[in-house]
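Report on one structure; see the data block that follows.
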Amino acid sequence: METVLVGGPQSLYIPDLPKSRGGRKRLRGLRLIHTHLESEPLTEDDLMDLVFLRLDCIGAVQVDANGGAVTLEVAHIQTGAGIGSRGFEVLAPMPCHDPDLDFPALVRSLESELERNLPTHSASGEGEERAILVSVADSDRESANRSMAELVELARAGGIIAADTVIQMRRQKNPRFFIGKGKLSEIVLRALQCGVDLLIFDQELNPSQVRAITDTTELRVVDRTQLILDIFAQRAQSREGKVQVEMAQLKYLLPRLGVKDDALSRLTGGIGTRGPGETTLEINRRRIKDRISQLEDSLRDLRKRRNLRRTRRTRKQIPVISIVGYTNAGKSTLLNALTHSSVFVENKLFATLDPVSRRLRFPKDFEVIITDTVGFIRDLPKDLVEAFSATLEELQEADLLLHVVDIGNPRFEEQIEAVENTLARLELDSKPTVMAFNKIDLVGPELLEQKLRKHGGIGISAANPRTLHPLISAMEERIAGFLDREVGLSEPVGE
Ligand SMILES: Nc1nc2c(ncn2[C@@H]2O[C@H](COP(=O)(O)OP(=O)(O)OP(=O)(O)O)[C@@H](O)[C@H]2O)c(=O)[nH]1
Ligand SMILES: [Mg+2]
């Protein structure tokens, strides 16, 4: 026996229990046997406790009129149950004086089944983290699915494998847990089955929700914003990129420190502990504020230098084309193809963080600077946009925006909208823009034709330089137009 608890007729308060014997991925090694004075069967609350506390089993003793123990009802988790099923099995009541059950054998078999379900380590690659991805959506199942598909990609970009995904359709969010409590218990069970101790939510959670879920499930909790911040932290190469990411991470963290005691250690217990922000994430609020103002200083410095470079460039009057677009649209591939360079390209979200500029000579014999920068995404976290304002300011000097769209992606129209919204947020929506529909090799000619007509774009395949001529001509024409106008303004030609 480990602990004796005394409760009232209606309820039993269960204090913090000792940690499970094999870490969070196994049963706790405890059976909870309690008395039901009204002789009622196992209740919904009992069964929730069974799952949330990962008990080996839960038993209720039913009593007779004199308070003597009569029958024992026992439930245990089901190791094979998936999302959507109840996840536990209630055994037929047995006589208390002679329960017909070999407990140790039952627990052994549950644990060995759990063990068997776990993925073998080498198969998934070393050091890869696994998580259950969770979304709570209000009405549109289709869009929740698409958003989840993107979250899976985001997780992959952050080096995390999605062990399972769960979408709950729910008009009203549970204020405490955000997700429904029943669904949360299914998730806990699923986590146990998959040997996962990380949940990633597709929606932003408030600090007390993160805390409530962490407390109840003993699983680490991260939301989409934190995941994106984490990817940026892993990717940042340049000093400027690192400063910007650290700033965004700290600004995200700061309001979340309002919740008392160890909220910080809980938050940083998530995956947001890698990358440049790593050391600073452990320090307290005061020092975070100091650090933020320090970072602001260095960003101001970096921005000054950037401005200087820019003025020099403008003085030379070289037109600038900036490539913009949703992440993974093929921006860097296009820059490489246009300028015969070898900027890093990868089939992962946010491969590029630091802006890159290259020169490009057009057939008509004038030169432009073409820049590639960080990709956009739907609901780009506010702190990131702010922190990356220096990088994004580069776009202000562009004479022409080249908006690259991945027409091979089924969500490309939403992506166009997300990019246009971000451009509007950056007050860039009035810039002249050429739209390039990339990856035409992935779609049929009819769809392509229809979409090009609808959006007024030019079809290309950045992977195949022979397809780029129409785009090059279109850009050349637009730029030549500006140059003529500028020449016309500064040195009016006589009669
Ligand atoms: N099938 C096909 N794939 C392409 C084409 N152009 C680029 N890709 C692939 O698309 C993926 C993303 O390309 P990137 O150039 O890294 O995309 P990006 O827009 O710079 O992405 P981020 O920097 O992550 O925002 C890579 O796997 C490319 O090989 C194309 O024309 N056809
Ligand atoms: Mg790129």
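The values are calculated or read from the model by the stated rules, or taken from the named source; none is laboratory data. In this text, all values refer to a predicted model and were calculated from it rather than measured experimentally. Backbone-built Cβ (ideal geometry, glycine too); neighbour counts: all protein chains shown. To get the accessible areas, we keep the full protein, side chains included, count just its heavy atoms, and leave off ligands, DNA and RNA. Shrake-Rupley method; radii C 1.70, N 1.55, O 1.52, S 1.80 Å.
When Rg and Dmax are taken over the Cα atoms of the range 318-490, they come to 15.4, 47 Å. For the pairs Lys183/Lys451; Lys183/Lys289; Lys364/Lys439; Lys181/Lys251; Lys181/Lys439; Lys183/Lys331, flag any whose C-alpha to C-alpha distance is greater than 32 Å. Violating the 32 Å limit, Cα to Cα: Lys183/Lys451; Lys183/Lys289; Lys181/Lys439; Lys183/Lys331.
Working from label points 7 Å from Cα in the Cα-to-Cβ sense, the Thr43 to Asn464 distance is 6.8 nm. For the range 127-201, trypsin sites (Lys or Arg not before Pro) are listed when DSSP marks them as loop and at most 10 other Cβ atoms sit within 10 Å of their Cβ; the list is Arg171. Dividing the summed helix terms, -39500 (n - 2.57) for each DSSP H run of n ≥ 4, by the number of residues in the chain produces a 222 nm estimate of -12500 deg cm²/dmol to the nearest 500.
Distance between the modelled labels on Glu417 and Asp138, one decimal in nanometres: 1.5 nm (7 Å Cα→Cβ projection). Taking every protein chain into account, the accessible area of the chain amounts to 49 square angstrom per residue (probe 1.4 Å). Nonpolar atom fraction for the range 61-118, defined as the carbon and sulfur part of the 1.4 Å probe accessible area, stands at 51 percent.
Close amide H partners of Val63, meaning residues 5 or more places away or on another chain with modelled amide H under 5 Å apart, are His36, Ser39, Val70. Under the shape rule built on the C-alpha gyration tensor, where the axes satisfy a ≥ b ≥ c, the range 23-117 is prolate, since a/c reaches at least 1.5 and a/b is greater than b/c. Between His34 and Glu204, the C-beta separation translates, for a Förster distance of 45 Å, into a calculated FRET efficiency of about 0.70.
Can you give the FRET efficiency for Met94 and Arg176, using 1/(1 + (r/R0)^6), R0 = 35 Å, r = Cβ-Cβ distance, to the nearest 0.05? It comes to 0.45.
Between Asp484 and Ser389, the distance separating the two model label sites (each 7 Å from Cα on the Cα→Cβ line) works out to 3.9 nm. Based on the Stokes-Einstein relation at 4 °C and a viscosity of 1.567 mPa s, and on the Kirkwood radius from alpha carbon pairs, the range 283-387 is assigned a translational diffusion coefficient of 80 µm²/s.
Determine, from the Cβ-Cβ distance of Arg300 and Glu367 and an R0 of 30 Å, the FRET efficiency 1/(1 + (r/R0)^6), rounded to the nearest 0.05.
My answer for the efficiency is 0.45.
Relative to its residue count, the chain spans a Cα convex hull of 178 Å³ per residue.
Taking amide H atoms as placed 1.01 Å from N in the peptide plane, the amide H of Ala436 lies under 5 Å from those of His403, Val404, Val405, Ile458, each 5 or more residues away in sequence or on another chain.
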